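Report on the structure given below.
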Amino acid sequence: MAPLQKFVKAAFTATAPNYQTASTKTVSGSCIGTTSLLSGLDVASVSLEEMCGLFKAKPADNLYLTSNGERGVCVYKPVKKGDVVLSIPISSCFRDDEPPRWYEHLEDNEANEDEHDITDYERYSPSGWASRLAASVLDLELNNSEGEVQNDNDLKKGREMWQSMLPDKDILRASLPVHWGEEIVGSTKCTALELVIDSAYFARATAVFTLTDELKQVLEDIKDEKGQIANVNLERKCHNALDIVQTRACRVERKCEDGAQWGPPLRILAPIFDFINHASSRSTGKGSANAEFGVENEHMCDMHEAKLVVRALRDIGEGEEVLIDYGDSARPAWRCLTSYGFVPDYDLNADTSDEEPLENVAELWMNGLRFDVDPNSVPYDLVEVAAAQTMLDYSVSEEEFAQEEEEIENGMLTPLVARTIADRAIEAAVNLVIETEEGDSEEDVWDAPEFVQAASLANRLRWSQHEVLMKFAKNLRGLCNPEPEEEI
């Protein structure tokens, strides 16, 4: 029998268990996604040149929105590698450290020291920064803008135009699993998604409670028709604002020119920038990320001159769509769906390095244990479990088992073990595309656009997991029956 290493190098890499959690790793500039669903505004009628002028973004004459298929940002003229695609002042963006005065119970004539007295703990609190940005979104609807925005008619007009281009609230809500019912969540057949939804649900409830409480007080102070809004509508409005923040905000690092971080990360909502769609930076060619973003022109403890800048990673051709990588929050598919409300397309044949995070994974259950697998690697723990299963598999002939007995007993990835894992992966993949039993939903609900949107995304997630498992099984089958080496 050929050495095991020769089999492994053919298509697979055995990977050690990874104990790193999401909270131990951060990504500079992790962007939150966009959607193609507009609420009552024709994309073709929107002039990004006008919006760029209102927000003081540059260049103002080289960007336009696509109107066919998914909405995205394209360039009229080619952009060279390293050149600026878009530059927008941070002062034109919504910032989590500059919430409306009513959110912090400040009067117009009150001094506002130390960036609204927001503590470092609040800056790092997920529900805290999301609530503050959501308050800014709600402030647009209240038409109670303050300070600089009141004195800047262009910025106010630009924000109103941006608000009119936001996605349909009901469809956006249906796109986010945190709002899904048990029936839809269960139909995804994804344990990881169910667990993260449980966690997100409580964080969202805390944020909604905080915002609703603040809104009640400000509406009581206004003493007009807005004060008659029912509490249930207030909660829904807060959810809608948080949905916008969740799917469109981005995080940037506060760093000096020498790279030293001088403050906590800043979360912002950047109009125009938030129309840019996601693509992977780990692949090359058509459909891959062709731009990156970051903050430039910032100084120690000073963001007044800072700009959010998008630069070309490679040459971008005339009419080509601008695409950025949203970071680890877009990987794997279930996390991207949870964060942004869409399931991305992944190139399962793309080359990746061991140091980079996995592009997409699928869960595989064996002997009551759950494993995350990707097409090009197999966890050590899974190999050990499969080796034990192989020794109990009576369908394996004594002659086959005898040839690999020592390696199997040592928990190694032999062709027999690979076949055991591949068979289980194919079984799991087939189960993902089997239609789930109809639930208890009323028939009229099935035709509702919101239900169709949620069900469609659940189906896309299952198909994404199916493709990973089938590719995983195919590569394992290659270990079972390796192609003979060519004689030199």
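The values are calculated or read from the model by the stated rules, or taken from the named source; none is laboratory data. The structure displayed is predicted, hence computed values, not measured ones. No Cβ is skipped: glycine too gets one built from the backbone with ideal geometry, and neighbour counts run over all protein chains shown. Side chains are part of the model used for accessible areas, which takes the heavy atoms of the whole protein and leaves out ligands, DNA and RNA. Shrake-Rupley method; radii C 1.70, N 1.55, O 1.52, S 1.80 Å.
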When only alpha-carbon atoms count, how far does region 151-224 stretch along each of its three principal axes, as whole angstroms with the largest first?
51, 28, 18
As an exercise, identify the trypsin sites (Lys or Arg not before Pro) in region 263-304 lying in DSSP coil whose Cβ has no more than 11 other Cβ atoms within 10 Å.
Lys286
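Note the full-extension length gain between Gln217 and Met391 as 0.36 nm times their separation in residues minus their Cα-Cα distance, in nm to one decimal.
Working: separation 174, 0.36 × 174 = 62.64 nm, distance 6.76 nm.
Extending this stretch completely gives an extra 55.9 nm.
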Label zone at Lys255 (point 7 Å along Cα-to-Cβ), backbone N below 14 Å, region 305-341:
309
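Measure off, as a whole percent, the carbon and sulfur share of the 1.4 Å-probe accessible area of region 277-343, all protein chains present.
48
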Using the heavy atoms of the protein chains alone and a 1.4 angstrom probe, what is the accessible area of region 244-340 per residue in square angstrom?
36
Pairs beyond 21 Å (Cα-Cα), from Lys58/Lys307; Lys156/Lys216; Lys80/Lys157; Lys80/Lys286; Lys58/Lys169:
Lys156/Lys216; Lys80/Lys157; Lys58/Lys169
Phi-based couplings in Hz for region 305-310 (Karplus 6.51, -1.76, 1.60; Gly and Pro marked x):
9, 6, 9, 8, 10, 9
In nm, spacing of pseudo-spin labels at Arg314 and Asp61 (7 Å Cα→C-beta vector):
3.0
